[in-house]
Amino acid sequence: MQDQPTYKLILWSLVTLSSLLCQGWAAKCAANDHAPTVQQTQVETTDPPKYMVEVRNSCPMCPVINVHLKCGSFPQALVSPRLLKVLAFDDCVVNAGLPLQPLQKLSFNYSHNKFLLRPTIWYFQCE
Ligand SMILES: *[C@@H]1O[C@H](CO)[C@@H](O)[C@H](O)[C@H]1NC(C)=O
């Protein structure tokens, strides 16, 4: 009974501290804010056409890791797994899951009918 206030104080401090930390992260780049972007540009009107893909970390403050894309039945043979690794149907990971630095762009080309590519999962590494 005697040390209950201390316990409460510690608990209160922890709660306050963790909410401050969360706000700090949110102020940098929150999960749904600054989502990585995927841009596809047709660069050759051959048959099959050729597309240039640019995946960009649009957060100006923090690296982003583990960027997964919805990628349909994208064949691994079209691209180096170092750039885009096909894990399963509709699940591809960019840059082997390694960080894209703030505003860094990763680019690759493929020759095939267009695949829809869009980010599904990513994690910011804000300090
Ligand atoms: C993709 O193709 C474009 C146009 O041919 C070229 O400028 C660019 O360097 C290519 N990118 C890569 C990563 O090969």
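Couple of notes before you dig in:
- Within region 41-94, considering residues that are charged (D, E, K, R) and touching a residue at least 60 places away in the same chain (Cβ under 8 Å), the one nearest to GLN125 (Cα to Cα): LYS50
- Boolean, LEU106 is aliphatic (A, V, I, L, M), within 16 Å of the ligand (Cβ to nearest atom) and within 22 Å of PHE74 (Cα to Cα): yes
- Here region 78-103 is the region considered, the condition is being outside any strand (DSSP E or B), away from the ligand (no atom under 16 Å from the Cβ) and over 16 Å from ASN57 (Cα atoms), and the residue that is nearest to the chain's Cα centre (by Cα) is ASP90.
- Region 26-61, subset assigned to a loop (DSSP other than H, G, I, E, B), within 11 Å of the chain's Cα centre (by Cα) and surrounded by 14 or more Cβ atoms within 10 Å (Cβ to Cβ), residue modelled with the lowest pLDDT: HIS34
- Only listed residue being touching a Phe, Trp or Tyr at 6+ places or on another chain (Cβ under 8 Å), closer than 17 Å to LYS114 by Cβ and not hydroxyl-bearing (Ser, Thr, Tyr), chosen from LEU83, LEU78: LEU78
The values are calculated or read from the model by the stated rules, or taken from the named source; none is laboratory data. Keep in mind that what you see is a predicted model, and the values were worked out from it rather than measured. Positions of Cβ are backbone-derived with ideal geometry, glycine not excepted, and every protein chain shown enters the neighbour counts.
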